[in-house]
Structure formats: structure tokens, C-alpha cells
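The block underneath contains the structure these notes are about, expressed in C-alpha cells.
The values are calculated or read from the model by the stated rules, or taken from the named source; none is laboratory data. None of the values given here were measured: they were computed from a predicted structure. Cβ placement follows ideal geometry from the backbone for every residue including glycine, while neighbour counts extend to all protein chains displayed.
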């Protein structure tokens, strides 16, 4: 089909704590799987208070994030140049390939973040502290 329409509530929630292969132990809705995207990863991530995606980078994938609910502390930037930024509903941020990024729900309520990544390749997290700036 050339198009697909879906409501987020109709997409099953996956509990990643049930998988040894996929950290962190959060819940997601894999919108890309239901929509059948070829070039983009599209996920809704659900964070209980204190939960986080640890600081990491990707070799190829560029990611854009959007806070739908909750209050987050972001850790962004290359190793040795990291900055911390507060982010609430309506905040966007981007992580280019090989640039470190991570975020933690610092609020008292559940947080929800929309994550869009391209290209849609398996791009496991890299340790940003091991990347050389000359590798860009």
C-alpha cells in the first residue's frame, strides 16, 4: 500500500525489559513497523520517572527527538564537549551521526518521546568517548 493511517493507541506497546538484546528496559511503540517504513525508524518511547536512554552515538543514523510529555534532562555533544539541556513538551533536538546524546526523565510523571531516525539501518549505539573528531 502507498499509504497507511494508524492511531498510536492502536500500535502495541513492547516492553524492552523482556529482550536481552535491546537496552534500555523501556517501553516503546514501534510505529515504523506498523506503518511499514523503509527509510525511517519511528518510535514512541515511554519513560517512568528516573528512566533514561544512556549517552551514546550512532555511526550512520541521524535522530530527531520530540518531547510529547514529561520533563527531561538531555546530555548532548561530542565527548569532552557535552552539555546538559532541560527539555519539556514541545522540545525538539537532533543527534547527528557520531555525536553523543542521551536523555533522562527527571519529572514525577511518565514521559513520552517521539524518536525519528534515518537511515533505517541497524545502527547499535557507539561509545561517544571512543570516537575521534577526525572520524567525522
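Here are a few things to note about the model shown:
- The residues listed here are 103, 56; of these, the one that is under 12 Å from the mean Cα position of the chain (by Cα) and at pLDDT 95 or above is 103.
- Test: residue 81 is closer than 20 Å to residue 25 by Cβ, free of Cβ contacts under 8 Å to residues at least 12 places away in the same chain and part of a loop (DSSP other than H, G, I, E, B): no
- Residue under evaluation residue 115, criteria (1) surrounded by 12 or more Cβ atoms within 10 Å (Cβ to Cβ); (2) modelled with pLDDT of 80 or more; (3) not in a strand (DSSP E or B), criterion not met: (3)
- Count of residues meeting criterion [out of contact with any strand residue (DSSP E or B) (no Cβ under 9 Å at 6 or more places or on another chain) and under 19 Å from residue 60 (Cβ atoms)] in segment 84-109: 0
- Scanning segment 14-41 for residues that are modelled with pLDDT of 90 or more, surrounded by fewer than 19 Cβ atoms within 10 Å (Cβ to Cβ) and assigned to a strand (DSSP E or B) gives 27, 28, 30.
- Residue 98 being on the phi > 0 side of the Ramachandran plot and either at pLDDT 95 or above or part of a loop (DSSP other than H, G, I, E, B) (or both): yes
- Any hit, segment 61-72, residues being under 13 Å from the mean Cα position of the chain (by Cα) and farther than 16 Å from residue 116 by Cα: yes
- Any hit, segment 63-76, residues being touching a residue at least 40 places away in the same chain (Cβ under 8 Å), surrounded by fewer than 17 Cβ atoms within 10 Å (Cβ to Cβ) and under 22 Å from residue 127 (Cα atoms): yes
- You will find that of 57, 30, the residue that is within 17 Å of residue 117 (Cβ to Cβ) and free of Cβ contacts under 8 Å to residues at least 60 places away in the same chain is 30 and no other.
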